[in-house]
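S.K.: Let me give you the structure first, and then I'll get to my questions.
The values are calculated or read from the model by the stated rules, or taken from the named source; none is laboratory data. Fair warning: this is a prediction, and the values are worked out from it, not measured in the lab. Every residue, glycine among them, receives a Cβ derived from its backbone with ideal geometry; neighbour counts consider all protein chains shown.
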Amino acid sequence: MNTAAATDGGAQVDPGDIPRRSASVQHRKVGDDTLLMHRILKQYHVLNGVAGRIWELCDGTETADGIAAAIAGEYKADAETVRRDVRESLSGMAALQLIELGEAP
């Protein structure tokens with residue numbers, strides 16, 4: 001697991017990191033949003049449509065850059081911009097303990 005602190009207080013997300021949703025987080029889709037509840041920390045979070053899609057892709061099978069490539073393809077967006085934004089989103093999710101970052105084998 002990558003625990004190096006980034007400048008925004010989140011974990012530094014490397015291209016090959018494999019994000020996985022925390023088992024302590026329950027989620028529900030409401031319209032375009034995804035509602036998350038961290039059962040241990042007693043915190044609620046609302047993700048917009050794109051962030052919710054990133055969350056869905058954090059199933060422990062894809063790298064951070066693989067998730068970014070999927071998002072760029074689905075939303076027909078610039079790959080480099082999406083890669084940066086996905087890493088930033090994953091960093092924030094890791095800082096909030098919504099996901100865990102594993103390393104590729």
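S.K.: Could you list, in sequence order, all residues of the stretch 55-74 that are in contact with a Lys or Arg (Cβ under 9 Å, 6 or more places away or on another chain) and farther than 22 Å from residue 28 by Cα?
M.R.: Residues satisfying the conditions are 64, 65, 68, 69, 72.
S.K.: Follow-up. List the residue pairs whose Cβ atoms are under 8 Å apart, where the first residue sits in the stretch 1-21 and is at pLDDT below 50, the second is surrounded by 11 or more Cβ atoms within 10 Å (Cβ to Cβ) and assigned to a strand (DSSP E or B), and the two are 6 or more positions apart or on different chains.
M.R.: 1/100; 1/101; 1/102; 2/11; 2/101; 3/11; 4/11; 5/11
S.K.: Pick from 100, 80: which is acidic (Asp, Glu), farther than 13 Å from residue 50 by Cβ and over 12 Å from the mean Cα position of the chain (by Cα)? Working first, answer last.
M.R.: Values: 100 fails: over 12 Å from the mean Cα position of the chain (by Cα).
Exactly one residue qualifies, and that residue is 80.
S.K.: Take residue 81 and tell me if it is surrounded by fewer than 17 Cβ atoms within 10 Å (Cβ to Cβ), in a loop (DSSP other than H, G, I, E, B) and not charged (D, E, K, R).
M.R.: Details: surrounded by fewer than 17 Cβ atoms within 10 Å (Cβ to Cβ): yes; in a loop (DSSP other than H, G, I, E, B): no; not charged (D, E, K, R): yes.
The answer is no for residue 81.
S.K.: Right, next: What are the residues in the stretch 9-38 that are part of a loop (DSSP other than H, G, I, E, B), in contact with a strand residue (DSSP E or B) (Cβ under 8 Å, 6 or more places away or on another chain) and not acidic (Asp, Glu), if any?
M.R.: 12, 13, 22, 24
S.K.: Restricting attention to the stretch 39-78, report how many residues are outside any helix (DSSP H, G or I), surrounded by 12 or more Cβ atoms within 10 Å (Cβ to Cβ) and among the aliphatic types (A, V, I, L, M). Full working, then the answer.
M.R.: Of the stretch 39-78, the ones outside any helix (DSSP H, G or I) are 39-48, 58-63, 76-78.
Filter once more, so that each one left must be surrounded by 12 or more Cβ atoms within 10 Å (Cβ to Cβ): 41, 43, 45, 47, 58-59, 62-63, 77.
Cutting the leftovers down to among the aliphatic types (A, V, I, L, M) gives us 41, 47, 77.
Of the residues in the stretch 39-78, 3 are outside any helix (DSSP H, G or I), surrounded by 12 or more Cβ atoms within 10 Å (Cβ to Cβ) and among the aliphatic types (A, V, I, L, M).
S.K.: If I filter the stretch 81-105 down to residues being acidic (Asp, Glu) and under 12 Å from residue 15 (Cα atoms), which single residue comes out as modelled with the highest pLDDT? Step through it out loud before you land on a result.
M.R.: Within the stretch 81-105, the first condition is being acidic (Asp, Glu), and the residues that meet it are 85, 88, 100, 103.
Add one more test, that the residue is under 12 Å from residue 15 (Cα atoms), and what stays is 88, 103.
Numbers: 88: 96, 103: 84.
By that ranking, first place goes to 88.
S.K.: Another question about this same structure. Quick one: how many residues across the stretch 22-74 are touching a residue at least 24 places away in the same chain (Cβ under 8 Å), small (Gly, Ala, Ser) and under 12 Å from residue 93 (Cβ atoms)?
M.R.: The qualifying residues number 3.
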